[in-house]
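To start, the structure itself, in structure tokens.
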Amino acid sequence: MALTKKSSFFLLLASLAMIQISMAGDPDILTDFIIPPNSPPPDGNFFTFTGMRSLVSAPIPPTFKVVKATLDQFPALNGQSVSYAVLIYPAESVNPVHTHPRSAELLFLAQGSLEVGFVDTTNKLYTQTLQQGDVFVFPKGLVHFQYNADAKTPALAISAFGSANAGTVSLPNTLFNTTIDDSVLALSFKTDVATIQKLKAGLKG
């Protein structure tokens with residue numbers, strides 16, 4: 001997906017947004033930064049993440065895709081309480097309902113439009129239609145989603161997190177792609193085991 005000059009400008013703005021969301025999501029450290037054990041003295045390469053370069057000229061993926069710069073991919077983030085993700089939504093694709101247990105998410109929409117929403121602890125749903133240039137915050141730990149309802153135009157968003165490892169708990173995968181007993185799920189959702197098994201099969205298909 002070739003990014004336009006305007007999109008590059010939006011990426012810069014999103015980078016600034018990432019700095020603003022730097023909160024105490026991770027324990028404070030007593031040094032400037034943390035070097036992995038048995039590593040050589042760091043230079044500029046240690047503080048550089050190149051994993052996003054592939055996005056600049058890549059075609060639109062056939063399904064929703066997220067490229068992360070978290071502690072797992074970028075060890076220099078250890079102790080810095082920040083991380084980053086680029087989310088690509090082909091036409092009519094969805095980032096399924098999920099949570100981030102260790103951080104809020106600040107999403108900047110660089111291209112296209114998105115339907116977004118989250119549910120608070122009183123089960124109230126908050127939704128919004130985002131246009132290019134909008135910013136939306138998903139509060140820490142709350143269930144949320146993003147959906148590109150446009151039948152033709154893809155969307156691209158950049159998300160910043162106040163933790164080097166915000167974590168992602170996908171509700172569909174957590175509920176229907178684990179070893180939770182089918183009868184427990186059936187009772188929880190007030191349905192039958194056959195319906196639960198159909199849902200599980202749909203995730204694997």
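Report the paramagnetic label zone for residue 55: residues of the stretch 102-125 whose backbone N is under 14 Å from a point 7 Å from Cα along the Cα-to-Cβ axis.
Counting only backbone N, you get 106-112.
If you build the Cα gyration tensor of the chain and take the root of 5 times each eigenvalue, what three semi-axes come out, in whole angstrom, biggest first?
One finds semi-axes of 31, 23, 17 Å for the chain.
For the cross-link pairs 68/204; 68/198; 65/200; 152/198; 152/204; 68/190, which exceed 28 Å when the distance is taken from alpha carbon to alpha carbon?
Checking Cα-Cα distances, 68/198; 152/198; 68/190 exceed 28 Å.
Tally Lys/Arg at +1 and Asp/Glu at -1 over every other residue whose Cβ is under 15 Å from the Cβ of residue 73; what's the total?
Summing Lys and Arg as +1 and Asp and Glu as -1 gives +2.
Where nothing but the Cβ of Lys and Arg (+1) and of Asp and Glu (-1) is charged, how large is the charge dipole of the chain around its Cα centre, in debye to the nearest 20?
Here the size comes out at about 460 debye.
What residues have an amide H closer than 5 Å to that of residue 146, excluding those fewer than 5 places away on the same chain, when H is modeled at 1.01 Å from N in the peptide plane?
Answer set, sorted by chain and number: 95.
May I ask you to compute the full-extension gain from residue 142 to residue 47, defined as 0.36 nm times their residue separation minus their alpha-carbon distance, rounded to one decimal in nm?
Going from the current span to full extension adds 31.1 nm.
Can you give the angle from 0 to 90° between the axis of helix 193-204 and the longest principal axis of the chain, with both taken from C-alpha atoms, to the nearest 10?
30 degrees
Around residue 86, under 9 Å between beta carbons, what's the net of Lys plus Arg minus Asp minus Glu among the other residues?
Overall, the nearby charge balance is +2.
Using a 1.4 angstrom probe, figure out how much accessible area the stretch 69-169 has per residue, in square angstrom, rounded to the nearest whole.
40 Å²
Carbon and sulfur together cover what percent of the accessible area of the stretch 116-205 at a 1.4 Å probe radius?
About 57 percent, which is the carbon plus sulfur part of the accessible surface.
For the chain, find the longest principal axis of its Cα atoms and tell me its angle to the long axis of helix 5-20, 0 to 90°, nearest 10.
90 degrees
Nearest 0.05, what FRET efficiency do residue 94 and residue 39 give at R0 = 45 Å with Cβ-Cβ as r?
My answer for the efficiency is 0.70.
The values are calculated or read from the model by the stated rules, or taken from the named source; none is laboratory data. Computed from a prediction, not measured in an experiment: that's the story for all the values here. Glycine gets a Cβ as well: all are built from the backbone with ideal geometry, and neighbour counts include every protein chain shown. Note: areas computed on protein heavy atoms with side chains; ligands, DNA, RNA excluded. Shrake-Rupley method; radii C 1.70, N 1.55, O 1.52, S 1.80 Å.
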